[in-house]
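Okay, structure first, notes after.
The values are calculated or read from the model by the stated rules, or taken from the named source; none is laboratory data. Please read all numbers here as calculations on a predicted model, not as lab measurements. Positions of Cβ are backbone-derived with ideal geometry, glycine not excepted, and every protein chain shown enters the neighbour counts.
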Amino acid sequence: MCNSSSINTYLIFTDLDGTFLSNDNFSFGDNINLTKKLLNLGHYVIINSSKTFAEIYDLLSSNDLSLPIICETGGGIYLPQVQSGNNQSNHLDYIPLFEAPKVSNIQSDLSFIFNEFEDDFRFFDDLDKKDQEKLSNLNGDGLILASKRVFTKLIVWESNMDRLEEFTNTLEKYNLNIIRGARFCHLCSAFSKGKSMNILKSHYVKKYPEITFKTIALGDSSNDIDMLMHADISCIINSVGNNKINNEELLKKSIRSNAPAPLGWHECLKKIVDIGDS
C-alpha cells in the first residue's frame, strides 16, 4: 500500500496488551474499525508486541486484518504480501524481514547462570498449567498460541529489583537482555521494540523514497519505552497495571491518554490523525 498524496503518511507502531487491547479481558473496543479507517486513509498500522507471531496472527486474521507484525519484543519482523483491512491471506503469506537468534536451547546452554539465580525466578514454561493460566490470564487455545515462542523466554521474577539488576548484568556478558513487561520479564538476545521499529521504518523509506513518513508509537509499560523514545510522536496509554512508564523525559514529550485501553488508543490517535467522525 502506498499513498504519495497524503500530507502526512504515518507508520503507526502499537503495543497490544494495555494499549490496543484491554489488559483485563483483551477487548479492543472500536480499535479494529479505527485501524481499517487508518489503512483506507493511506497510513500503516504495525503491531509491535511481546506476543508471539501465532497470537498476533490469530488476532488479525479473526478480524479480517493483514498488518505488518513485530513479535516477541522485537525478535521477529514479518510483512504481509498486502497490508489490508480485508484479509484474504494466511500465515504463509507473511515474509520475514528480520529474525533474531533463537533461544530454544538457552536453558541448558546457560544453566550455570540460571542455577545461581534459581531462587529468584521461574521460567514460565516450567510452571504447571494452572499457574500459567493464572499469571497470563489465558487458557485453552490462547495459552497454546502464547507458548509458541521462538526468540524470547518468559521469566516470572520473584525477587527484588537489586537482584534483577544483578541478573541482568550477568546476562549482558553473554549478549542477552532482560526486558520487563507488564506481566513477565522477557529473556532475549540484543534486540528491542525500538530497534525493530527502526529496521521496519528504514525498509519503508527505502521502498517508497517519494514519501515522507512520520512514526507514531503507542504503548503503556516499560518494555515500550525504547519504541516510544525512537518515535516522532509518542503516545502513552493510561495504565492500570503495576509496570507504568516512569521515564520523565518521555512523559514530558508524549501525548498521554486519560482512558486506559482500549479507549485510550482511540483517544490518542484522534489527537494526531484526521480520521473524521469516529
Tell me the strands (runs of 3 or more DSSP E) entirely within segment 17-80 that contain at least 2 residues that are within 20 Å of Pro101 (Cα to Cα) and in contact with a helix residue (DSSP H, G or I) (Cβ under 9 Å, 6 or more places away or on another chain). 69-71, 76-80
I'd like to check something: does segment 74-87 contain any residue that is modelled with pLDDT of 95 or more, at positive phi and assigned by TED's automatic domain parsing to the domain that holds Gly219? yes
Among what's in segment 138-156 and is of a type in the set (S, T, N, Q) and surrounded by 15 or more Cβ atoms within 10 Å (Cβ to Cβ), pick the residue that is farthest from Ser62 (Cα to Cα). Thr152
If Asp232 satisfies all but one of (1) buried (at least 20 other Cβ atoms within 10 Å of the Cβ); (2) of a type outside the set (A, V, I, L, M); (3) modelled with pLDDT of 95 or more, what's the number of the condition it fails? (1)
Please verify whether segment 35-43 includes one or more residues that are in contact (Cβ under 8 Å) with a residue 12 or more places away in the chain, touching a Lys or Arg at 6+ places or on another chain (Cβ under 8 Å) and assigned by TED's automatic domain parsing to the domain that holds Ile236. no
Answer from Lys102, Lys153 - the residue that is under 19 Å from Ala54 (Cα atoms) and assigned to a strand (DSSP E or B): Lys153
Where residues in segment 18-55 are of a type in the set (A, V, I, L, M) and buried (at least 22 other Cβ atoms within 10 Å of the Cβ), which of them is farthest from Arg183 (Cα to Cα)? Val45
